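Engineer: So that we are looking at the same thing, I have put the structure below in structure tokens.
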Amino acid sequence: MENKTILFAFILGIGLFCSCDQKEKVSEEKEQSGTVYKKSTADVFMEYENAQKMLEIENRIADAQRVESLSWEKQTQDHGSEFIQVIAYLNDDGFPMKITEKYIDGNFKPQGNRHFYLENNKLIAFKEQSDYWLDSNFTNYMEKRTVYNDEKPVMSQQRIAYDYTEVEDSTWKIIPEEHHSLKKVNKILSGTEEFETHFISVIKGNDLFLLLGEDKPQTEERYTTAVRVDEMTPFIEDLLNNLDEYKFRPVEVSFKVVGGNNQPEFRVLTDIAWKK
């Protein structure tokens, strides 16, 4: 499937949440045969309508259209390399119903997936699955989730295990309500700000790659991404003959994702043009 760094204007304004509506009211107890039973925190969470919608969205993902971003890396002086890429799952009307951010925050930093669930371009739920370092040798696995009402978080929970295979045996615990922003994933999908593509250089080996990234000529601490070139076009030939002249010039690229499923995954160039 071909992806373009097109502007997702319909979601760029979702980053800040300032609604002041009241929470949905959920009873934690119910009476059954004359006896009052206290519900688990998991049961309470799932009584929210938007928590149920989150599950409904998960059941629709397999048939949804996918839009994948470029895969970005950032070298930092304090904790090595950061990695991030985003997948948007679209509904039948072409709007995102789920956005997944795959991330590695650096050496001995958390890594995992953040999932944003949307309805009518509004955030209704959030889930995060991450491994985090206890020390330089051991990690634990953690899941967090938050349900929203009118773009305001109303309940957040987490559970922790030694690894993901044991997390189902862990108990969800209520934590302070967490706010989650779509600002970064929106910028990645739309190719704006630090995720706007500029030509940096080429990488030659068995294959040819274009290195693209932030326009930061004075520092190497920038977000960069690479696309593989499988076809030698007049544009690519001109680029290779004028590398220094074109350095840091903004460029638009289209690409397809190849590989995956336990095989190396690449973004392969399908079209390229200088930004006007």
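The values are calculated or read from the model by the stated rules, or taken from the named source; none is laboratory data. The structure displayed is predicted, hence computed values, not measured ones. Cβ placement follows ideal geometry from the backbone for every residue including glycine, while neighbour counts extend to all protein chains displayed. Side chains are part of the model used for accessible areas, which takes the heavy atoms of the whole protein and leaves out ligands, DNA and RNA. Shrake-Rupley method; radii C 1.70, N 1.55, O 1.52, S 1.80 Å.
Engineer: Once you keep just the Cα pairs under 8 angstrom separated by 6 or more residues, what percentage relative contact order results for the range 44-188?
Structural biologist: 15 percent
Engineer: With a ≥ b ≥ c the root eigenvalues of the C-alpha gyration tensor of the range 196-274, is it rounded (a/c under 1.5), prolate (a/b larger than b/c) or oblate?
Structural biologist: oblate
Engineer: Continuing with the same structure: Once phi is turned into ³J(HN,Hα) by the Karplus curve 6.51 cos²θ - 1.76 cosθ + 1.60 with θ = phi - 60°, what whole-Hz value does each residue of the range 244-251 show in order, with x for glycine and proline?
Structural biologist: Calculated HN-Hα couplings, in order: 5, 5, 8, 4, 6, 7, x, 9 Hz.
Engineer: Report the antiparallel proportion of the DSSP beta bridges in the range 128-276 as a percent, rounded to a multiple of 5.
Structural biologist: Counting DSSP beta bridges with both partners in the range 128-276, the antiparallel share is about 100 percent.
Engineer: Restricting attention to the range 232-270, which chymotrypsin sites (Phe, Trp or Tyr not before Pro) occupy a DSSP loop and are surrounded by at most 16 other Cβ atoms within 10 Å?
Structural biologist: For chymotrypsin sites (Phe, Trp or Tyr not before Pro) across the range 232-270 that sit outside H, G, I, E and B with at most 16 neighbouring Cβ atoms in 10 Å, the list reads PHE248.
Engineer: Let me ask you something else. For LEU211 and PHE83 in the same chain, what is the full-extension length gain: residue separation times 0.36 nm, less their Cα-Cα distance, in nm?
Structural biologist: 44.6 nm
Engineer: Moving to a separate point now. Rank by packing, highest mean first: peptides 53-60, 173-180, 139-146, with packing defined as the count of other Cβ atoms within 10 Å averaged across residues.
Structural biologist: With the highest mean Cβ count within 10 Å placed first, the list reads 139-146, 53-60, 173-180.
Engineer: For ASP163, project a label point 7 Å along Cα to C-beta. Then give me every residue of the range 132-151 with its amide nitrogen under 13 Å of that point.
Structural biologist: 138-141
Engineer: Once both labels are modelled 7 Å past Cα along the beta-carbon direction, what's the LYS275-GLU231 spacing in nm?
Structural biologist: Using points 7 Å along Cα→Cβ, the separation is 2.4 nm.
Engineer: Take the cross-link list LYS109/LYS247; LYS109/LYS216; LYS53/LYS183; LYS98/LYS173; LYS144/LYS187 and give me the ones stretching past 29 Å between alpha-carbons.
Structural biologist: Pairs exceeding 29 Å: LYS109/LYS247.
Engineer: Is there a quick way to get the dipole size of the range 166-276? I mean about its Cα centre, with the Cβ of Lys and Arg at +1 and of Asp and Glu at -1; what is the value in debye to the nearest 20?
Structural biologist: Approximately 300 debye in magnitude.
Engineer: Residues with amide H under 5 Å of SER71's amide H, sequence separation 5 or more or different chain, H placed in the peptide plane at 1.01 Å from N; which?
Structural biologist: ALA226
Engineer: Something else about it: Rolling a 1.4 angstrom probe over the protein heavy atoms, how many square angstrom per residue are accessible across the range 44-188?
Structural biologist: 50 Å²
Engineer: Over the range 196-274, give the accessible area per residue in Å² for a 1.4 Å probe, as an integer.
Structural biologist: 57 Å²
Engineer: So what is the relative contact order for the range 109-236, in percent, with contacts set as C-alpha pairs under 8 Å and at least six apart?
Structural biologist: 12 percent
Engineer: If ligands, DNA and RNA are left out, what is the accessible area of LEU134 with a 1.4 Å probe, given in Å² to the nearest 10?
Structural biologist: Ignoring ligands and nucleic acids, LEU134 comes out at about 100 Å².
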